[in-house]
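Quick notes on the structure that follows.
The values are calculated or read from the model by the stated rules, or taken from the named source; none is laboratory data. Everything numeric in this text was worked out from a predicted model, so none of it was measured. Here Cβ is always computed from backbone atoms with ideal geometry, including for glycine, and neighbour counts include all displayed protein chains. Accessible surface areas use protein heavy atoms only, side chains included; no ligands, DNA or RNA. Shrake-Rupley method; radii C 1.70, N 1.55, O 1.52, S 1.80 Å.
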Amino acid sequence: MKIRSVLSAAVLAVATTFASSQALAQDTFTLRLAETWGPNFPIFGDTTKRFAENVEKMSDGRLKVRIDSANKHKAPLGVFDMVKAGQYDMGHSASYYWKGKVPETLFFTSMPFGMNAMEQYAWFYHGGGMELMQEVYEPHNMLSFPGGNTGVQMGGWFREEINSLEDLQGLKMRIPGFAGEVFAEVGVNPTNIAPGELYTALERNTIDAVEWVGPALDLRLGFQQIADYYYTGWHEPATELQFLVNKRVWDKLPADLQEIMRVAMRTASYDMLVHSQHANAEAWANIRKEYPNVQIKQFPDEIFDAMYEANNKLLKEAAAESDMAAKIIESQQNYLEQSRAYTNISERAYLNTMAEVE
Ligand code: CA
């Protein structure tokens with residue numbers, strides 16, 4: 001119902017704008033989109049497909065999006081460069097993949113101990129997040145928009161139980177991004193390995209632990225067959241994917257098609273969050289039934305305390321290195337503080353109540 005009302009509002013908005021831009025109304029556009037994901041990648045790839053379908057329907061065929069998956073363009077982590085250069089008009093990826101090129105892009109995916117999906121969407125759309133993201137991407141000739149959320153990611157699969165900080169020393173774990181740096185601070189050897197090699201790496205003890213996403217996507221890779229301990233998350237509480245649009249391409253689109261794009265990207269993002277919830281719940285039910293060896297674990301407090309401290313230290317370092325990073329971190333922290341105070345008396349209070357009566 002919610003999606004339908006958003007769409008019909010968009011159609012009305014489009015009808016109004018359409019009348020005032022007759023000269024451009026006949027033009028048709030085809031945008032080429034490069035996604036980081038392989039062909040038919042579940043959930044993430046469904047998001048770009050939904051976006052393309054909605055754009056075409058809402059524009060009555062005037063705007064089409066052709067999607068190239070990683071097998072076609074061969075550069076899963078080259079999406080930033082390809083869209084920036086205009087080789088592709090659009091991209092679908094994750095902002096934290098570009099931290100080696102533009103460190104300030106890191107903050108727009110998800111931060112350890114940061115906002116949950118509801119809080120982070122509120123920050124993007126109502127709390128200044130979009131404006132900060134544009135400030136980071138504009139010098140690179142691109143616009144960036146939220147592109148779908150996984151919700152809280154699981155903390156990873158471990159072959160041995162982790163009971164203390166001692167157990168983490170020298171542990172080899174696939175964990176990318178800022179969370180990998182936090183883990184490194186508390187003694188872990190973080191590595192990043194391509195998704196296709198993760199199962200073998202864990203099976204052959206090249207790594208001792210692996211984090212990927214959550215039950216739906218993890219189940220496909222088969223970790224539940226070789227690891228018994230599935231830890232709850234702290235490191236990516238609201239992983240947001242990203243649509244990138246080349247700015248010159250965007251500027252050429254008439255206002256009504258720009259608005260259709262905005263609405264379709266926002267709807268596709270919301271859809272991915274609810275699709276993730278659905279698919280994860282389904283996959284978790286499956287794992288519980290088929291793999292009774294799998295136990296859900298939470299890191300002990302001493303580990304969380306050490307990681308929380310390490311996270312704050314790394315944020316301070318990042319803020320000292322770049323004024324823009326400092327501005328984003330301050331905005332996120334202030335927003336989190338205000339938003340969480342409300343989450344605590346609403347969502348958290350409700351879940352606590354339920355835990356007591358269940
Ligand atoms: Ca992850």
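Values for this structure:
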{"quantity": "Scope the stretch 160-181; condition within 13 Å of the ligand (Cβ to nearest atom), within 20 Å of the chain's Cα centre (by Cα) and on the phi < 0 side of the Ramachandran plot; matching residues", "calculated": "174, 175, 176, 178, 179, 180"}
{"quantity": "Sole exception among (1) within 14 Å of the ligand (Cβ to nearest atom); (2) in a loop (DSSP other than H, G, I, E, B) for residue 157, by number", "calculated": "(2)"}
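Let's see how each residue does on (1) open to solvent by less than 10 Å² (accessible area, probe 1.4 Å); (2) touching an Asp or Glu at 6+ places or on another chain (Cβ under 8 Å); (3) aromatic (Phe, Trp, Tyr); (4) away from the ligand (no atom under 16 Å from the Cβ):
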site	(1), (2), (3), (4)
96	no, no, yes, no
102	no, no, no, yes
114	no, no, no, no
118	no, yes, no, yes
146	yes, yes, no, yes
149	yes, yes, no, no
153	yes, yes, no, no
